[in-house]
Structures are given as C-alpha cells and as structure tokens.
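The block underneath contains the structure these notes are about, expressed in structure tokens.
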Amino acid sequence: MSFFNKMLSKVGIGAAKIDAVLDSEVLVPGEEVSGTLNIEGGKTDQEINKIDLDIYSNYFVEEEYEEDEETYSRMAERSTKINSVEVDESFTIKAGESKQIPFSFTLSAYAPLSYGKSNTWLRTNLDIDSALDKADKDYVQIAPTPIQKSLLDAVSELGFKLAEAESEGAEGGITPLPFVQEFEFKPVAGEFYGQLDELEMIMLPDGEVLNVYLEIDRKARGISGLFAEMLGTDESKACISVATDNIDVIVEQLQQVIREHC
C-alpha cells in the first residue's frame, strides 16, 4: 500500500470503520445486551489496540450564568457514561478486510427509560495505532422492566397521563449515576382529577424491589389552599416499595398513598 494512502488513513481518510449491530433494538435495564461489531478495513493495514463500547445517556442540570451584571439560571444538557465495556483484543485489520466480533454485557439497572427528553446511545470506538480513532454512535431504545411497566400502567389506570419525563442531575450518591429520571403526570380522569395538580415520580431499583418516590402536588382549594400553593407548601412527598408486577396490587398501593396526601 502506498505511503500516500497510509498518511490519509492516519487522518481518517480511507481508515477502518466500525459498526455495532445489536441483537435486539429494544434494551431493558438490568438485562443482557448482545450484538456484533462489524469492522471494515480501509485502504491500508491498521493496528487496532482495543475497542471501547460505551452506553451514554443525557441529563439536565441547573447552572447559573451572568448577563449584564445580572445572575440567571438555566437548564444545561449533559451526558454521562452509564456502561463501559472494553474489548481488549489487539489485532491488525488488513486493507479491505471484514471482521466480526460478538459482544455482550449487562445494561445498568439505572438506565433511563426512553420517554420524553431522555436519550440513550451506544458509542463504539476503534483505538487505532498512529491514526485518528474511528467512532460509531447509535441511539437505542430503553424499555421498562416488567415491574416498571406495571407501575406506569397503574398510574395510567388511576387517571394520570404522562406530561413530561427527563433525567435531572442529582447529588449525594442517590444512584451510581449523576442523575435520576423524573416522570411528571397530570390527572385527566378518575378519583384524583380535580384534587391534584400533578404527580411526580422517581423509580430506583433495589435488588428485586423498586423504590418509588412520589411528590404529590395538591390542587389549591379555597383561600387556605391558595396560600399553601403560593408558599410552596402544597406538595407532599411519599415513598413506596413495589415488589411485584401485579398491576392490581400496585394500583392499590398507589391509591392508598395518594389518598393519604390529598
């Protein structure tokens, strides 16, 4: 291969490429992810030191900024690695060669579900000797576990509709990740329509149990309720532990705790 082609490969022109193909288009927190790495050689032989597979998710944090000597706050988007797998296999990919490498790993139990503003993607990277690394980015869909799905269905059965979902920065080691995913529901029918403004929920796995943190925002009723809303005292917090995917049991759990805080 010519010296010219080798130089082009070093700057990424005609270099080897990588594409990750998942066995399933839908991933589930805590379950195995498997697939195949398809590597295509470029115009010259290249040394591959290793391959990195990383799962990233986005989240939002509140940050301050100054403008015209005034301090303001805004929500800024960040991203973080929630899974990291290194295929520690060095090899030479020859010019025009095709190579397939299978992979598998367990997706983080804290992976955010693909709702609202929450996005997750798989990034694969070829660590190429003496050349620019080549990366591939593929968005993936994260579906709820059976318990998570039953919980979301139970909230819907109680007359709530999902209004927004996003991952927000969280400090204090609440989870191994720097964020928690928050779901915001609005009552549109049922017993709590007209009683609540909204229901906010965070789901955190704890082994076989799902800990559910709720913020119940009561609707202002009368002058005392209006003052409570103005002072920010109309919100109640509660927590329940869900250990089954039986939707009837979960509906009863949710109904009881919400009634206690209405």
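Just so it is clear, none of the values below were taken in a lab; they were calculated from the coordinates. All values reported here derive from a predicted model rather than from experimental measurement. Cβ atoms come from the backbone with ideal geometry, glycine included; neighbour counts cover every protein chain shown.
Here is the list for region 72-127: GluC sites (Glu not before Pro) lying in DSSP coil, each with at most 12 other C-beta atoms within 10 angstrom of its C-beta, are E89.
All C-alpha pair distances within the chain, sorted into 10 Å bins from zero, spread as 6, 24, 24, 20, 13, 8, 4, 1, 0 percent across the bins. By the beta-carbon count within 10 Å of each Cβ, the least crowded to most crowded order of L126, L196, fewest first, is L196, L126. The local environment of E63, defined by Cβ-Cβ distances under 12 Å, has a net charge of -2 under the rule Lys, Arg +1 and Asp, Glu -1. For the pairs K149/K237; K17/K81; K43/K137; K81/K149; K94/K117; K50/K117, flag any whose C-alpha to C-alpha distance is greater than 30 Å. In this structure, K94/K117; K50/K117 lie more than 30 Å apart at Cα. All alpha carbon pair distances within region 3-142 were sorted into 10 Å bins beginning at 0; the resulting P(r) in whole percents reads 11, 35, 25, 18, 9, 2. The label-point distance for Y213 and A135, in a model that sets each label 7 Å from Cα toward Cβ, rounds to 3.0 nm.
Just need the relative contact order of the chain here, percent rounded to a whole number, with Cα pairs under 8 Å and 6+ apart. Contact order relative to length: 17 percent.
For region 149-201 versus region 42-103, the inter-centroid distance based on Cα atoms is 30 Å. Relative to the longest principal axis of the Cα atoms of the chain, the long axis of helix 146-157 makes an angle of roughly 40 degrees. Reported value for region 146-261: 106 Å³ per residue, from the convex hull of its C-alpha atoms. Across I147, I101, I82, mean-square fluctuation computed from a Gaussian network of the chain (C-alpha pairs under 10 Å connected) peaks at I101.
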